[in-house]
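The values are calculated or read from the model by the stated rules, or taken from the named source; none is laboratory data. This one's a predicted model, so the numbers in the text were calculated from it and none came from an experiment. Here Cβ is always computed from backbone atoms with ideal geometry, including for glycine, and neighbour counts include all displayed protein chains.
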Amino acid sequence: MKDKPIPIYEWIRSDGSKGFTLFELLMTLAILGIVLGSIFGIYITTFRVVGVNRSRVVALELLTERMERIKQMDYADIGTTFGWPSGTIPSTETVLEEEITFIINADVRYIDDPFDGLVTDPTPDPYPADYKRIALTVNWEGFSNVAPPKLVSNVVPPGLESQQSGGTFILTAFDADGAPVAGASVTVTNPDEGINISTTTDVDGKVILVILPPDDGGYHVVVSKTGFSTDSTYPVDPINNPAPTKPDLTSIDGEVTEASFAIDEVADLTITTYRTLQNGELADDLNPYPDVTLDIHGAKLKGTEPTPLYKYTTSASSDANGVLTLSDIEWDEYSAMPSGGTGLTVSGFTPAYPITVPPASATALSLRLAPTSTHSLIVTVHDQGGGPVIDATVTLSESGSGYTKTLTTTDWGQTFFRDLNVLTFTLDITAAGFSAYSDTTQVSGFTLTTVTMAP
């Protein structure tokens, strides 16, 4: 008798039992999942590659069409709506093609060709606008990781060379270390001359603008970059800023004006306020001082008269834990003082005051606060390595008034003398393991003195 054929759906093991075990079923499903996942991944990759290639083809067609259209324009009209030279070409244009949104950016610049000399040569080229360079780039939605296509072309004036004249600006962006900042946004505006230029710095951090209409102090320049601070020129304001540190620029026919702008990555500063205990004298106990309003400013100026006009200034309050965070601020040296209405003053600080905030940093400043005093002195005692000298004996005296007071430095290496007069005091300091120190110090208003002790 012939054996009965085994159906394809039956599985007979050596012990004669039929069907699949749970383990065998799970293994089969796992293998099937891996195979299907690989096929799906190949499909997605193929779809993406085809989509990217198709979108690039459409993008290049759009750029080629617009470049050919620009080349047919009159030379005088070749310029962008927000650039220099100005013209009728949109600086940014949005186009919907094959259900894809394309953003086309146009940049037109005058080129000073070195063949006939440069405007920056010892004998400047009197006509630096030799020709125009057009650069078109395009981006589109959905494929942000793809390098955008770019077309560049030069167009020359009808004659041998453009005979236009005007002033030249050489604008340079650099960071805190003096290195050039490429890709920084630069805007130059002059409403009286109808100038509204938006451009970016080159790899050397420079923007060169030629044949700008002459104007005395009419060009306002702003330089910035995403994630960076901003630097700019300032208009002369007879009332609020009669003497700006960097006044708006002047364009002089046939002359070169250079201006530099310092920008770098922004930073954060966290300030924590603490109470001063024991009848207003410094103590090692640190208890948060909540809800204190601080007046804060940097050291950089945008004007000098009639009083210093700080580039950065703000008033803000610490929270219930005595913490105040300033985000995205420029690298600078910052001072913080309780507002006049608080009845408080700074009586101690760490690590330094004013506090230096480097670019791209998260810096912390701790402040001890005490009742306000018209004239006060904070004495900071350091060793030669810059560390605090704790439990040093600090004596402040003035023979004429008979004033004398002795305090001991805290864990921050500081003492705080309050309710003083505008006088020259004698300062004596002793500490175990250090040579005695003696000198004079002039006190007027909020006064700081730092002493480095010798072994």
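When Thr404, Thr410 are checked against the criterion of being without any contact (Cβ under 8 Å) to a residue 40 or more places away in the chain and among the hydroxyl-bearing types (Ser, Thr, Tyr), a single residue qualifies: Thr404. Where strands (runs of 3 or more DSSP E) sit wholly within segment 202-281, those with at least 1 residues that are touching a residue at least 60 places away in the same chain (Cβ under 8 Å) occupy 206-212, 249-251, 256-262, 267-275.
For residues in segment 168-217 being under 13 Å from Pro85 (Cα atoms) and small (Gly, Ala, Ser), which is modelled with the highest pLDDT? It comes out as Ser198.
Taking the conditions exactly as written (part of a strand (DSSP E or B), under 16 Å from Tyr289 (Cβ atoms) and under 33 Å from the mean Cα position of the chain (by Cα)), does Phe416 satisfy them or not? Spelling it out, it is not the case that Phe416 is part of a strand (DSSP E or B), under 16 Å from Tyr289 (Cβ atoms) and under 33 Å from the mean Cα position of the chain (by Cα). Answer with yes or no whether Thr404 is surrounded by fewer than 17 Cβ atoms within 10 Å (Cβ to Cβ) and in a strand (DSSP E or B). Against the criterion (surrounded by fewer than 17 Cβ atoms within 10 Å (Cβ to Cβ) and in a strand (DSSP E or B)), Thr404 qualifies.
Yes/no per residue for (1) touching a strand residue (DSSP E or B) at 6+ places or on another chain (Cβ under 8 Å); (2) within 19 Å of Val188 (Cα to Cα):
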position	(1), (2)
Asp74	no, no
Ser86	yes, yes
Thr123	no, no
Ile134	yes, no
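The residues of segment 383-401 that are surrounded by fewer than 15 Cβ atoms within 10 Å (Cβ to Cβ) and either more than 30 Å from the chain's Cα centre (by Cα) or of a type in the set (Ser, Thr, Tyr) (or both), listed by number, are Gln384, Gly385, Gly387, Asp391, Ser397, Ser399, Gly400, Ser401. Remark: pairs (first residue in segment 416-445, without any contact (Cβ under 8 Å) to a residue 40 or more places away in the chain and of a type outside the set (S, T, N, Q); second residue exposed (fewer than 11 other Cβ atoms within 10 Å of the Cβ) and assigned to a loop (DSSP other than H, G, I, E, B); Cβ separation under 9 Å; 6+ apart in sequence or on different chains) = Leu423/Gly400; Gly433/Pro455; Tyr437/Ala454.
Taking the stated definitions as given, is Arg368 under 20 Å from Arg275 (Cβ atoms), surrounded by 15 or more Cβ atoms within 10 Å (Cβ to Cβ), in contact with a Phe, Trp or Tyr (Cβ under 7 Å, 6 or more places away or on another chain) and in contact (Cβ under 8 Å) with a residue 12 or more places away in the chain? Taking the combined requirement at face value, the residue satisfies it.
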